[in-house]
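Computed from the coordinates by the stated procedures, all read-outs in this text should not be read as laboratory data. This structure is a prediction, so every number in the text was calculated from the model and none was measured. Here the Cβ positions follow ideal geometry from the backbone for every residue, glycine too, while neighbour counts run over all protein chains shown.
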Amino acid sequence: MKAWALQGFGRQNLKMVDVPVPEPTANEVLVRVSAVSLNYRDKLVVEGLYNPELRFPVIQVADTVGEVTQTGKDVSRFKVGDRVITNYATKWIDGRPAADEVVHTLGNTINGGLAEYLILNEDALVLAPTYLTDEEASTLPVAALTAWHALVKNGGLSSEQTILVQGTGGVSIFGLQLASLAGARVIVTSSSDEKLERAKDLGAHDTINYVKEPDWHKKALRLTAQQGVDQILEVAAGKSLAQSIEAIRPGGQIAVIGILEGVASEIPIFTVLQKQVTIRGLVTGSRTMFEDMILDLEKTRIRPVIDTVYSFGDALKAYEHLYRGAFGKIVIRVRP
């Protein structure tokens, strides 16, 4: 089969190769891959920032949708013909995460889905929503589940809340969609006025261009009559986290889900104490959360926002787009 394998750190080392189609063992499922979607994490993997001890070669990309073509003798959760999606944290089934959940991930310590076939333990898969296309379903494991975990599962999303999402990447756009559907007031930040206009089309009530207004937290406070916002999807970290603390209301929640500005932050501890703010780091969610979210999606029929779909042969162009940034998700169609 054809696969895109990382043979060393750096985009120049992502190569299309021929490898054998794997055979499933007792509890494994063989999936014919239909589509995958890219995340900022994929850039971190390629650059050696996510796992500096990565063993090469390794097939890339975690977020994968496809059709079951073969099952091991002890598989009970799926049958041939089922359309399935990978869960990012392959060993996190339910309950609290273990310390090493992010280690057992595709495109990292496990071969990923940027290939014609993927083999995986049945416990790391869920059934895809019936109403979504393959391209749309491939966007769910990281972007959708992270936003849902933060805003709905932990944040109790409601129409009475004001939500601030940073940027217009996959997690933020799905967070905007979830919050808008719930009737919440949504504030979106971006460096692009054009992207902010597109965010308004998706239901954003207010927007902030953080290049024109670098003290964006002050505008967020003005927009909320100095009360602050209820929840923030913090994708930047670095100096941005301190601004989020200033912008949050007392008792509010900040979900730290990215490191676009840096891996370390200095924060005003007195303000954290004074506001009694919750700062929670999130890496997607458990398989049980994923299944609960899919039940919600079947009811609400939210359709993920896809920036561009690339062909399997154009995977390197998709990565180039990832490095530039996107509005929503970047998808690679694997199966013709």
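Using only the Cα atoms of the range 143-281, build the gyration tensor, take square roots of its eigenvalues as a ≥ b ≥ c, and label the shape rounded, prolate or oblate: rounded if a/c is under 1.5, else prolate if a/b is larger than b/c, else oblate. It comes out rounded by the Cα gyration axes.
Taking Kirkwood radius over Cα pairs in Å as calculated from this structure, the corresponding entry among (i) 20.2; (ii) 22.2; (iii) 21.2 is (i). On a 0 to 90 degree scale, rounded to 10, what angle separates helix 315-324 from the longest Cα axis of the chain? Computed tilt is about 10 degrees. Within the chain, DSSP assigns beta bridges of which about 50% are antiparallel (rounded to the nearest 5). Calculated [222 nm] ellipticity per residue, helices only, for the chain: -6500 deg cm²/dmol; basis is -39500 (n - 2.57) per DSSP H run with n ≥ 4, divided by all residues, nearest 500. Pairs with C-alpha atoms separated by more than 20 Å, drawn from the list Lys218/Lys329; Lys43/Lys218; Lys15/Lys43; Lys195/Lys219, are Lys218/Lys329; Lys43/Lys218. Lys/Arg Cβ at +1, Asp/Glu Cβ at -1, dipole of the range 36-80 taken about the Cα centre: which of Thr64, Leu38, Phe78 is farthest positive-ward? Final value for the positive-end residue is Phe78.
What's the local net charge at Gly10, with K and R +1, D and E -1, over the other residues with C-beta under 12 Å away? That sum, taken over residues with Cβ under 12 Å, equals +2.
In this simple spin-label model, placing a label point 7 Å from the Cα along the Cα-to-Cβ direction at both His321 and Leu127 gives a separation of 3.1 nm. In this structure, Ala98 and Asn51 have a Cβ-Cβ separation that, at R0 = 25 Å, corresponds to a calculated FRET efficiency of about 0.90. Packing order of peptides 205-218, 134-147, highest average first: 134-147, 205-218 (average count of other Cβ atoms within 10 Å over each peptide's residues).
Simple spin-label estimate for Thr278 and Glu213 gives 2.7 nm between the two label positions (7 Å along the Cα-to-Cβ direction from each Cα). Most tightly packed first, judged by the mean number of other beta-carbon atoms within 10 Å of their residues, the peptides 51-58, 80-87 read 80-87, 51-58.
Taking a ≥ b ≥ c as the square roots of the eigenvalues of the alpha carbon gyration tensor, the range 73-216 is prolate, as a/c is not under 1.5 and a/b beats b/c.
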